[in-house]
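In what follows, a single structure is set out as structure tokens and then discussed.
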Ligand code: BEZ
């Protein structure tokens, strides 16, 4: 995240409550189609579950993530894999990769051009990118509820938009501008289930702090509870919340001859 404020992750809580994030990485994984012996970079690898899944296919995987909490947990869970704690946008490997994979990470990188350029520069010519992240309109209802809450308290000053949710056209053009050829791209809806009456609150506690980095802990607790209440009638039914995730899935190839 690039608001000058680092997100401090509860990496264990993330694995326990937000396990669906890795489970949903399956589409990007199919588009990646890893082969034994290939060198693959997991760009924004989080706690390493998908890097480990790629390694099970026989690929040689490395992960990079800016969060020390996430990387500590990835190293503890998967000691045989190589994880780099670094800003993926500026980190460069000693040797370029055959493929770059990324799941649910690129929307945290608001310098999208820097991220796209980094992915291109981490790849060999002809190397491929398979990525999934939040697309245009993702979690719109949550952002709207938080904005309403801030407005009610007269505190729009602490609200920021911490995520990058592009359209297909916007992101495909960006990838082309840094030397990729886009082979396939789609924006689709993925209604996402959060179990339990406190599911929305837990989601907000995990991710929503990024929307209000300047708020105090007690303001966050109060405003998350109020926002969840605003969303409840429409999005909570029979023990679960369904929130409107919208995903952008991309397969691109780095054009030969570009650096
Ligand atoms: C997502 O995976 O779409 C997402 C996760 C956290 C915050 C915003 C979006």
- Message: Given the criterion crowded, with 17+ Cβ neighbours inside 10 Å and out of contact with any helix residue (DSSP H, G or I) (no Cβ under 8 Å at 6 or more places or on another chain), identify the matching residue among 165, 207.
- Response: 207
- Test for residue 51: is it under 19 Å from residue 132 (Cα atoms) and touching a strand residue (DSSP E or B) at 6+ places or on another chain (Cβ under 9 Å): yes
- Query: If you take the residues in region 131-167 that are touching a residue at least 40 places away in the same chain (Cβ under 8 Å) and away from the ligand (no atom under 16 Å from the Cβ), which one is nearest to the chain's Cα centre (by Cα)?
  - Reply: 158
- Message: Within region 49-129, considering only strands (runs of 3 or more DSSP E) that don't extend past its boundaries, which have at least 3 residues that are touching a residue at least 40 places away in the same chain (Cβ under 8 Å) and either buried (at least 16 other Cβ atoms within 10 Å of the Cβ) or touching a helix residue (DSSP H, G or I) at 6+ places or on another chain (Cβ under 9 Å) (or both)?
- Response: 97-103
- Pick from region 240-254, criterion more than 15 Å from the ligand (Cβ to nearest atom) and in contact with a helix residue (DSSP H, G or I) (Cβ under 9 Å, 6 or more places away or on another chain), ranking: farthest from residue 118 (Cα to Cα): 240
- Message: Scan region 193-206 and tell me whether some residue there is more than 20 Å from the chain's Cα centre (by Cα), assigned to a helix (DSSP H, G or I) and either away from the ligand (no atom under 14 Å from the Cβ) or free of Cβ contacts under 8 Å to residues at least 24 places away in the same chain (or both).
- Response: no
- Could you pull out the residue among 132, 189 that is modelled with pLDDT of 95 or more, under 20 Å from residue 249 (Cβ atoms) and surrounded by fewer than 16 Cβ atoms within 10 Å (Cβ to Cβ)? 189
- Note on the structure: Every listed condition ((1) in contact (Cβ under 8 Å) with a residue 24 or more places away in the chain; (2) in contact with a helix residue (DSSP H, G or I) (Cβ under 8 Å, 6 or more places away or on another chain)) holds for residue 188 save (2)
- Message: Within region 28-40, does at least one residue satisfy the condition of being within 16 Å of the ligand (Cβ to nearest atom) and either buried (at least 22 other Cβ atoms within 10 Å of the Cβ) or under 22 Å from residue 247 (Cβ atoms) (or both)?
- Response: yes
- Query: In region 174-186, what residues are surrounded by fewer than 17 Cβ atoms within 10 Å (Cβ to Cβ) and touching a strand residue (DSSP E or B) at 6+ places or on another chain (Cβ under 9 Å)?
  - Reply: 176, 181, 183, 184, 186
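The values are calculated or read from the model by the stated rules, or taken from the named source; none is laboratory data. Worth saying up front: this structure is predicted, and the values here are computed from it rather than measured. All Cβ positions, even for glycine, are placed from backbone atoms using ideal geometry, and neighbour counts span all protein chains on display.
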